[in-house]
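Peer 1: What follows is a single structure, and I will ask about it in a moment.
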Amino acid sequence: MSEQANTAVIQNTYAAFNSGDIQGVLANLDSNANWVNYGPAAVPYFGDFTGRIADFFTAIGQTDLGGNVAIDRYIASGDTVVSQGRYTATVRSTGVKFDEPIVHVFTLRDGKIASWNGYGDTAAVIAAHTGKAMSV
């Protein structure tokens, strides 16, 4: 697929996530997709979710309210699409809202997402999940 077509798959995936259509997100994934969100295990949706990607989205839904991804930039090269933006949410258990910068690296195969690696401000997310202020 072209870089434009690959970018469109990613844009559609974010649109599905932001509207709460997790089945729409999952429909864009290869059945053997790798899925890793880097960060400490203290946050339920950090870690390697390969083979259990639905659990990643369940963890987000159980811990965060109003989760929204806003992407400012897409960079596509061959089968790779990198997105840069922000993820905002409020943690259910603490009531703390966070706004973290994110970078996501996608690899696509035959129009489906074959791998996803998520990077963000894990300190801000941990602080929101624990209710402890971040020290700078």
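The values are calculated or read from the model by the stated rules, or taken from the named source; none is laboratory data. All values reported here derive from a predicted model rather than from experimental measurement. Positions of Cβ are backbone-derived with ideal geometry, glycine not excepted, and every protein chain shown enters the neighbour counts. Ligands, DNA and RNA are excluded from the accessible area calculation, which covers all protein heavy atoms including side chains. Shrake-Rupley method; radii C 1.70, N 1.55, O 1.52, S 1.80 Å.
Peer 1: Within region 24-80, track down each residue that is assigned to a helix (DSSP H, G or I), open to solvent by 30 Å² or more (accessible area, probe 1.4 Å) and touching a helix residue (DSSP H, G or I) at 6+ places or on another chain (Cβ under 9 Å).
Peer 2: Across region 24-80, the qualifying residues are 26, 27, 54, 58, 61.
Peer 1: Open to solvent by less than 80 Å² (accessible area, probe 1.4 Å) and farther than 13 Å from residue 120 by Cβ: which single residue out of 6, 12 fits that description?
Peer 2: Answer to the check: 6.
Peer 1: As an exercise: evaluate residue 17 against (1) surrounded by fewer than 17 Cβ atoms within 10 Å (Cβ to Cβ); (2) of a type in the set (A, V, I, L, M, F, W, C); (3) at pLDDT 95 or above and give the number of the one condition it does not meet.
Peer 2: The number of the failed condition is (1).
Peer 1: If you don't mind, another one. So, in region 81-110, how many residues would count as being in contact (Cβ under 8 Å) with a residue 24 or more places away in the chain and open to solvent by 70 Å² or more (accessible area, probe 1.4 Å)?
Peer 2: 6
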